[in-house]
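K.L.:
This structure is in C-alpha cells; I'll ask about it shortly.
Read-outs throughout are calculated quantities, based only on the coordinates presented, and are distinct from any laboratory measurement. Being a predicted model, the structure only gives us computed values, none of them experimental. Cβ atoms come from the backbone with ideal geometry, glycine included; neighbour counts cover every protein chain shown.
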Amino acid sequence: MKERISTNKAPKAIGPYSQAIATEGFLFLSGQIPINPESNLIEGSTIEIQARQVMKNIEAVLNEAGMTFDDAVKTTCFLSDMEYFGVFNKIYAEYFTGHPARSCVAVKELPKSALCEVEVIAHK
C-alpha cells in the first residue's frame with residue numbers, strides 16, 4: 001500500500017506528481033528545488049541560498065512522513081553547473097550527516113532556472 005505525503009511547509013508540486021510517496025517503510029521524495037513555500041518563488045540567486053532552501057524543503061517533507069535526514073539512504077543531486085559542486089557539497093554535508101549513497105550530476109537546465117535540485121529515498 002502506498003501513501004501520498006504532502007505538506008504546506010514545502011512547495012506544492014508544479015506538475016502531476018506528489019511531494020513524496022511512502023510505501024513499505026520507504027519514502028520516495030520528488031526532486032526539491034529552492035522554492036520558498038510561503039512566496040512560491042525561487043529563494044535567492046546564489047548556490048548557497050538555494051541549496052539551503054532545498055534542504056529546508058526536504059526536511060519539511062521528511063518530517064511530514066515522520067523521518068529525518070538520518071533516514072536517507074540515497075540521494076540524487078542535480079546542479080545547473082559543476083562549478084557549484086564544492087559549495088553545494090559543503091552545505092549538503094551539514095544536513096546529510098549519515099552519508100547516504102549519492103549521485104551528483106550537472107544538467108543543462110532545472111525547473112524555474114533553479115541552480116540545484118535534490119531527490120531523496122529514505123527508509124525507516
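K.L.:
Can you give the extra length, in nm with one decimal, that the chain gains between residue 3 and residue 90 once fully stretched, where that is 0.36 nm per residue apart less the Cα-Cα distance?
P.N.:
28.0 nm
K.L.:
Another question, if that's okay. Over the chain, what is the relative contact order in whole percent, taking alpha-carbon pairs under 8 Å and six or more residues apart?
P.N.:
Reported as a whole number, the value is 31 percent.
K.L.:
Continuing with this model, one more query. Per 10 Å bin, what is the whole-percent P(r) computed from every C-alpha pair distance within region 1-86?
P.N.:
17, 50, 29, 5, 0
K.L.:
Mind checking which of 25, 91, 63 is farthest towards the positive end of region 2-123's charge dipole, using Cβ charges of +1 (Lys, Arg) and -1 (Asp, Glu) about the Cα centre?
P.N.:
Farthest towards the positive end: 25.
K.L.:
Let me spell out the model: positive unit charges on the Cβ of Lys and Arg, negative unit charges on the Cβ of Asp and Glu, origin at the Cα centre of region 2-123. What dipole size does that give, in debye rounded to 20?
P.N.:
So the magnitude is around 180 debye.
K.L.:
Now, a different point. Just want the ordering: 80, 113, from fewest to most Cβ atoms lying within 10 Å of their own Cβ.
P.N.:
Sorted ascending by nearby Cβ count, the order is 113, 80.
K.L.:
Measure nothing fancy, just the Cα-based angle from helix 85-95's long axis to the longest principal axis of the chain, in degrees from 0 to 90, nearest 10.
P.N.:
Computed tilt is about 30 degrees.
K.L.:
Using each residue's phi in region 114-124, evaluate 6.51 cos²θ - 1.76 cosθ + 1.60 at θ = phi - 60° and report the 3J(HN,Hα) Karplus result to the nearest Hz, with x for Gly and Pro.
P.N.:
Coupling constants for region 114-124: 5, 8, 8, 8, 9, 10, 9, 10, 10, 9, 10 Hz.
K.L.:
Based on DSSP H runs of at least 4 residues, each adding -39500 (n - 2.57), what is the mean residue ellipticity at 222 nm of the chain after dividing by all its residues, to the nearest 500 deg cm²/dmol?
P.N.:
-7500 deg cm²/dmol
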